[in-house]
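Chemist: Have a look at this one before I ask anything.
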Amino acid sequence: MPDAASNQPSGNNKKNNRQRAATAAKTKSAKPHYSGHRQRLRQRFAEHGDQVLADYELLELLLFRTIARADTKPLAKALLNRFGSFAGVLGAEPHLLREVSGCGEAVAQDIKLLEACARRLGKSEILNKNILDSWSKVIAYCMTAMAYENREQFRILFLDKKNRLIADEVQQIGTVDHTPVYPREVIRRALELSATALILFHNHPSGDATPSRADIDMTKLIISIAAPMSITVHDHIIIGKAGHISMRGAGLI
């Protein structure tokens, strides 16, 4: 029968146990404060969708895919602080994104990829439909596509006789406060596409969507040239960061 002493841990075993306990304690204390945060955030999104997430949390979910091991909350908040909103982050130019500490080439590329997906989704919502019956979706698409451009763009939706989209084209890109528009070129392109109606759009990078006198005069000139060709100009929409103004809705055309 073994004596009691043989059941007691040896000196070496005691030492090893203490070392293992110390290592475990050190590992636990070294665990990052955000440990488990990713899984909890993913779980919330899986169970409840984006409605329960703040903008910075939704942005964090995107950043998880590019940044494998780091706390992404500071970067998400820094991006929102720099660009003002979730839409502002997606619409920011890549070189401006990269100016934010922690936002490298891969992160900037993923953000622009998400913006491209949003544009593609928005455009799919208005294809093969009567545009005039999907007006809110048309506005949403053009806001996504143009609101955060840092130069003025003049964009045209060319429509068929059933007001379905034939083509969506950026006709001109200008400076921060001016885009040259050539009305006869607009009508020439409409005739090439056999379009019978147009919706004109352009953005104001300043953020103020108020039409200028030049905007109104140019629109009226396009309408006057289009009318004898049996081409209808449904509207000219000015896009700003905070909203839009319909010239027809405002009684300007």
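Chemist: If I stretch the segment between ASN81 and ARG151 completely, what's the gain in nm (0.36 nm per residue apart, minus their alpha carbon distance), one decimal?
Modeler: 23.0 nm
Chemist: Let me ask another. Give me the distance in nm between label points sitting 7 Å out from Cα along the Cα-to-Cβ direction at SER136 and LEU96, one decimal.
Modeler: Distance between the two pseudo-spin positions: 2.9 nm.
Chemist: Next up: Once the convex hull of the C-alpha atoms of segment 104-253 is built, how many Å³ does it hold per residue, rounded to a whole number?
Modeler: Convex hull of Cα atoms, per residue: 113 Å³.
Chemist: Once you've got the GNM for the chain with C-alpha springs shorter than 10 Å, pick whichever of TYR56, TYR141, TYR182 has the biggest mean-square fluctuation.
Modeler: Between TYR56, TYR141, TYR182, it is TYR182 that shows the largest mean-square fluctuation.
Chemist: To the nearest 10 degrees, how steep is helix 105-124 against the longest Cα principal axis of the chain, on a 0 to 90 scale?
Modeler: That works out to roughly 50 degrees.
Chemist: Let me ask something else about it. Relative contact order for segment 131-246: what percent, with Cα pairs under 8 Å and sequence separation of 6 or more?
Modeler: After rounding, I find 29 percent.
Chemist: GNM on the chain, C-alpha springs below 10 Å: top fluctuator among ASN163, ASN150, ASN128?
Modeler: ASN128
Chemist: If R0 is 35 Å, what FRET efficiency do you get for ALA214 and LEU113 from their C-beta distance, rounded to 0.05? Kindly include the intermediate steps, with their values, before the conclusion.
Modeler: Values: r = 36 Å, r/R0 = 1.03.
The computed FRET efficiency comes out at 0.45.
Chemist: Regarding the chain, what are the three Cα extents along the principal axes, ordered largest first, in Å?
Modeler: Reported extents, whole Å, longest axis first: 114, 34, 29.
Chemist: How much of the DSSP beta bridge set in segment 131-246 is antiparallel, as a percent to the nearest 5?
Modeler: Counting DSSP beta bridges with both partners in segment 131-246, the antiparallel share is about 70 percent.
Chemist: So how tilted is helix 135-146 from the main axis of the chain? Cα-based, degrees 0 to 90, rounded to 10.
Modeler: 70 degrees
Chemist: Please compute the net charge surrounding GLU60, taking Lys and Arg as +1 and Asp and Glu as -1 over other residues with Cβ under 15 Å from its Cβ.
Modeler: Neighbour charge sum, excluding GLU60 itself: +3.
Chemist: Also, quick follow-up: Expected output is a single nm value to one decimal: the length gained when fully extending between ARG120 and HIS178, i.e. 0.36 nm times separation in residues minus the C-alpha distance. What is it?
Modeler: Gain in length upon complete extension: 18.2 nm.
Chemist: For the chain, what does the relative contact order come out to in percent, with C-alpha contacts under 8 Å and a separation of six or more?
Modeler: 12 percent
Chemist: Going by how many other Cβ atoms sit within 10 Å of their own, how do MET229, MET143 line up, fewest first?
Modeler: Listed from fewest to most nearby Cβ atoms, that is MET229, MET143.
Chemist: Toward the positive end of the charge dipole of the chain, about the Cα centre and with charges on Cβ (Lys, Arg +1; Asp, Glu -1), which of TYR56, LEU193, LEU97 goes farthest?
Modeler: Farthest along the dipole direction, towards plus: TYR56.
Chemist: Sticking with this one: Add +1 for every Lys or Arg and -1 for every Asp or Glu among the other residues with Cβ under 14 Å from the Cβ of ALA46, and state the total.
Modeler: Here the count lands on +1.
Chemist: Then there is this: Once label points are set 7 Å from the Cα along Cα→Cβ at both SER224 and ARG44, what is their separation, rounded to one decimal in nm?
Modeler: In this crude spin-label approximation the distance works out to 5.8 nm.
Chemist: Compute the long axis of helix 183-192 from its Cα atoms, compare it with the longest principal axis of the Cα atoms of the chain, and write down the angle in degrees, 0 to 90, nearest 10.
Modeler: 80 degrees
Chemist: Test of understanding: ordering LYS123, LYS161 by Cβ neighbours within 10 Å, fewest first, what list do you get? Each step should come with its number before you reach the end.
Modeler: Working: LYS123 17, LYS161 11.
Ranked by crowding around the Cβ, least crowded first: LYS161, LYS123.
Chemist: So which aspartates and glutamates can LYS123 reach, going by Cα to Cα under 18 Å and dropping same-chain residues fewer than 8 places off?
Modeler: The qualifying aspartates and glutamates are GLU115, ASP133, GLU149, ASP160, ASP168, GLU169.
Chemist: Give me CYS117, CYS103 sorted ascending by neighbouring Cβ count inside 10 Å, so fewest comes first. Before the final figure, lay out each step's value.
Modeler: Values: CYS117 11, CYS103 23.
Fewest to most other Cβ atoms nearby, the residues stand as CYS117, CYS103.
Chemist: For the chain, what proportion of DSSP beta bridges, expressed in % and rounded to the nearest 5, is antiparallel?
Modeler: Percentage antiparallel, nearest 5: 70.
Every number in this text was worked out from the coordinates using simple rules, so none of it is lab data. Values in this document were obtained by computation on a predicted structure and should not be read as measured data. Note that we place each Cβ from the backbone using ideal geometry, even for glycine, and neighbour counts take in every protein chain shown.
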